[in-house]
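**Student:** First, the structure itself, so that you have it in front of you.
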Amino acid sequence: MNYSGQMENRAPTARRAAAGGVRGAGRRRRHERILEAATELFADPGFAKTTVEEIAKRAGVSKGLLYDHYPSKEALLEAVWARQVDAWMQATAAAVKYAPGALAETIGDVLAASVRYARSEPLLRRILMQDPGSLSGADQATDVAAFGRFYRDRLEPVLAHGVRTGELRADLDVAHTAELIWLLHFTLIREIFIGTRHALRADADDLLRATVALVVAGLK
């Protein structure tokens, strides 16, 4: 058997695979740089005042290469927004550690952590407070619905555990309570960021504390 011939045939294939891997890694790095540049510029000076040329320059790529990744500035904003919402969901899930005997307070802390994370992220603040029209209603609705499912799917088992262990009220309807807490969360976000209250005003913190206290009292 001609092993040397087999090795010679395999070598070009291996080199092509390696080259493809390098190109793929390079494309992923460029993709990440574009998203990071867009995130920074959409936060300041904002979506409307940012051009594709500025994003490409900050990312260190050509305008044509940027369009190879994203066909428009709107498509890029959708990708940035989706990544921000995903990070928001993950931060909310990981922000608070359960303390035995204090499940209701822990759920209140999750609500508070989510709002505070949103207030701490420049792009989320910008879109929610100043550029809410930069995303289409359909895009916002899709992401909000996904966040809602994520929120409820993780909250329902926690509530059910609390009912079983006696930490929460025995007559608690788990599904309805999870939905209600999500609606309170969403309403609070809208009131602070989009409604009449400014996210950096002191009464936003008062509103958050009052909402958390209401949730905790209702669970016990």
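The numbers here are math on the coordinates, done by the rules we state, and not lab data. Predicted model only: the values in this text are computed from it and were never measured. No Cβ is skipped: glycine too gets one built from the backbone with ideal geometry, and neighbour counts run over all protein chains shown.
**Student:** Can you tell me which lysines have their Cα less than 21 Å from the Cα of residue 73? Leave out same-chain residues fewer than eight positions away.
**Tutor:** Cross-link targets: 49, 57, 63.
**Student:** A further question follows. R0 = 22 Å: FRET efficiency of residue 29 with residue 90, Cβ-based, nearest 0.05?
**Tutor:** About 0.50, to the nearest 0.05.
**Student:** Run down the aspartates and glutamates and flag those whose C-alpha is under 19 Å from the C-alpha of residue 97, throwing out any fewer than 8 positions away in its chain.
**Tutor:** Leaving aside aspartates and glutamates fewer than 8 places away in the same chain, those within reach of residue 97 are 105, 109, 153, 156, 167.
**Student:** Grab the other residues whose beta carbon is less than 14 angstrom from that of residue 170, score K and R as +1, D and E as -1, and report the net. Before the final figure, lay out each step's value.
**Tutor:** Values: positive: 164, 169, 220; negative: 167, 171, 173.
Net charge in that neighbourhood comes out at 0.
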